[in-house]
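To keep things clear, I will list the structure first and then write my remarks on it.
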Amino acid sequence: MSPSKTENLVSDFENALDLLKNNPAEQRLDVHMPYSRYQELEECWSKIKSARIVSEDQKYPSLEYNSAAEIVTVITVPRDLHEIPAVELGRLITSGAEEYLYSHGADASFIGGIANSGTSTRKGGQGDYSKSTKQADVTIKYTRNARDTIMIAIEVGFSENYTALCRDKDLWIEGQNVKVCILVCLDESPRFRNPRTQNEDVKDVDGEVETMRQHVVESVERDSSQGYHGCIEYRGRKWVGDLRSAFIEVWRANKRHATRYPLIQYGWSCNRLPKTIGLKIRDFIPEEEWEAANVPDSTLSFDGDRYVLKVRTSMVCTAMERFRDFVLP
């Protein structure tokens, strides 16, 4: 290996380890790294966690590896603008599938096999993905006879992470044989950057947070009534940028292209929000179990209006989270 490549690898290793140790909010780092080097990074992080008595089931920061692309990914603690769209989408589609199955007389134990598992980590995979480690934002599983199968994976990201999201999608579909991978893509403009120093001017933190809360409620109510997803400002700083666009993409294992469902364009809710995102009831159930369900297949309905409101809620929660971090000692 040439000296320059060795220096880059050492630098990437140190940058990844630094993110893992410090866990600053809302950071994602993707770097090329051979599997052997990834193993060293994982071992270093494991020793640090052990010394700090960090629980092994702590979700963030997370360390992932795509062995097909030889890319290490470090994801630090996310905000609600990332978490809520994933959780709410998983909840909406899972409850919709369950309600349909109940209404068509499916056996309760059969329906009970569908589970919205939230964040789920998988190691290994098919072919070139055999050494991968991946954590989805949300997974929907089907469990039968103590064997669980991930049927649908949901990944949320921002506009500049779209290429990385597509790599994640390939890992789930090609490496884990997932039927459907759903990408939720958001474009916050401008992207928020965490202040390097805390605000030392605020003496009454609780009072300041409450003042901001009242300001946010008033501005959001005004904008939401018009379907506008504008920035949230306070004290001369944008705590959430304009949500310029948002869309859902649904990728299937047997198709080379996704179906895209726009939610927000140029900061405004779309006039015709989706009533479905093309999911079928059988998408939630392995093929070998589907016949046992003894129910007709159907396209699952989706409440786009309700979902966009949840996205707006995630903007409010994120603004408050970012501000608290800024003013808290």
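Can you give the accessible area per residue of the chain, in Å², using a 1.4 Å probe?
For the chain, the solvent-accessible area averages 50 Å² per residue.
Name the long-range amide H neighbours of Ile114: under 5 Å, sequence gap of 5 or more, or other chain; modelled H, no Pro or chain starts.
The answer is Thr143.
Suppose only helical runs count, i.e. DSSP H with n ≥ 4. What mean residue ellipticity at 222 nm does that imply for the chain under -39500 (n - 2.57) per run, divided by all residues and rounded to the nearest 500 deg cm²/dmol?
Rounded to the nearest 500, it is -12500 deg cm²/dmol.
Could you pull out every residue, at least 5 positions away or on a different chain, whose amide H is within less than 5 Å of the one on Leu300? Hs are placed 1.01 Å off N in the peptide plane, and Pro or chain starts have none.
Leu279, Lys280, Ile281
Using alpha carbons only, how many angstrom separate the centre of segment 146-189 from the centre of segment 61-95?
So the two Cα centres are separated by 8 Å.
Would you kindly give the portion of the calculated P(r) for segment 81-133 that falls above 13 Å, as a percent of all Cα pairs?
Value for segment 81-133: 68 percent of Cα pairs lie more than 13 Å apart.
Out of all Cα-Cα pairs in the chain, roughly what percent, to the nearest whole number, are more than 31 Å apart? Walk me through the numbers before you get to the answer.
Numbers: 21242 of 53956 pairs.
Cα-Cα pairs of the chain separated by over 31 Å account for 39 percent.
Which distance in nm do the two modelled labels at Arg256 and Ser95 give, with both placed 7 Å along the Cα-to-Cβ direction?
Output for this residue pair reads 3.9 nm.
Given Lys280/Lys310; Lys59/Lys179; Lys255/Lys275; Lys47/Lys203, which pairs have Cα atoms separated by over 32 Å?
With Cα atoms farther than 32 Å apart: Lys47/Lys203.
How much length is gained if the chain between Tyr35 and Arg324 is pulled fully straight, taking 0.36 nm per residue apart and subtracting their Cα-Cα distance, in nm to one decimal?
Stretched out fully, the Tyr35 to Arg324 stretch lengthens by 100.2 nm.
Subtract the Cα-Cα distance of Arg237 and Asp297 from 0.36 nm times their separation in residues, and report this length gain in nm to one decimal.
Working: separation 60, 0.36 × 60 = 21.60 nm, distance 5.00 nm.
Length gained, Arg237 through Asp297: 16.6 nm.
In Å, what Kirkwood hydrodynamic radius results for segment 118-214 from the alpha-carbon pair distances?
Every distinct Cα pair counted, the radius reaches 16.4 Å.
Where in segment 212-275 are there trypsin sites (Lys or Arg not before Pro) that are in a DSSP coil and have at most 13 other Cβ atoms within 10 angstrom of their Cβ?
On the way: sites: Arg213, Arg222, Arg235, Arg237, Lys238, Arg244, Arg252, Lys255, Arg256, Arg260, Arg272, Lys275; in loops: Arg235, Lys255, Arg256, Arg272, Lys275.
Those satisfying the criteria are Lys255, Arg256, Arg272, Lys275.
Among Met320, Leu263, Tyr307, whose Cα projects farthest towards the positive end of the dipole of segment 226-329, with charges put on the beta-carbon of Lys, Arg (+1) and Asp, Glu (-1)?
Met320
Among Pro61, Ala164, Ala97, whose Cα sits farthest toward the positive end of the charge dipole of the chain (+1 at Cβ of Lys/Arg, -1 at Cβ of Asp/Glu, about the Cα centre)?
Ala164
Under a crude label model (7 Å from the Cα following the beta-carbon direction), how far is Ser11 from Arg52 in nanometres?
2.5 nm
Could you give me the radius of gyration and the Dmax of segment 200-329, taking only the C-alpha atoms into account and expressing both in angstrom?
20.3, 65
The values are calculated or read from the model by the stated rules, or taken from the named source; none is laboratory data. No experiment lies behind these values; they were computed from the predicted model shown. Please note: Cβ atoms are built from the backbone with ideal geometry, for glycine as well, and neighbour counts cover all protein chains shown. Protein only, heavy atoms only, side chains kept; ligands, DNA and RNA dropped before computing areas. Shrake-Rupley method; radii C 1.70, N 1.55, O 1.52, S 1.80 Å.
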